[in-house]
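First up is the structure itself, then whatever we jot down about it.
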Amino acid sequence: MAVAVILLTTALVIVVALLAAAGAGKLARMDGATYPAALTRAAVTFAAVITLAATVTAILTTLLT
């Protein structure tokens, strides 16, 4: 059961990160950025969401143990 919850949570975080990256890329293109600049913004957003999820996980693990 615990493994299933971990896998589903990981999948959810990746989907949210991909959606945020796609939104950031789209907004960058609408703002007039070039494709490489929009891709860079999307990649930075993806990395930020993954980093935020890892930080929250570390904090929760520290608080709950």
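The values are calculated or read from the model by the stated rules, or taken from the named source; none is laboratory data. All of these numbers come straight from a predicted model, not from anything done at the bench. Cβ sites come from the backbone with ideal geometry, for glycine too, and all protein chains shown count toward neighbours. The protein model used for the area step is the full one, side chains on, heavy atoms only, and it has no ligands, DNA or RNA in it. Shrake-Rupley method; radii C 1.70, N 1.55, O 1.52, S 1.80 Å.
Would you say residue 65 is of a type in the set (Ser, Thr, Tyr) and modelled with pLDDT of 95 or more?
It is false that residue 65 is of a type in the set (Ser, Thr, Tyr) and modelled with pLDDT of 95 or more.
Of all residues being open to solvent by 60 Å² or more (accessible area, probe 1.4 Å), in contact (Cβ under 8 Å) with a residue 12 or more places away in the chain and within 21 Å of residue 6 (Cβ to Cβ) in the range 17-49, which is farthest from the chain's Cα centre (by Cα)? Just the residue, please.
Among them, the one singled out is 18.
Checking residue 3 against (1) in a helix (DSSP H, G or I); (2) at pLDDT 95 or above, only one condition comes out false. Which one?
With respect to (1) in a helix (DSSP H, G or I); (2) at pLDDT 95 or above, residue 3 is out only on (2).
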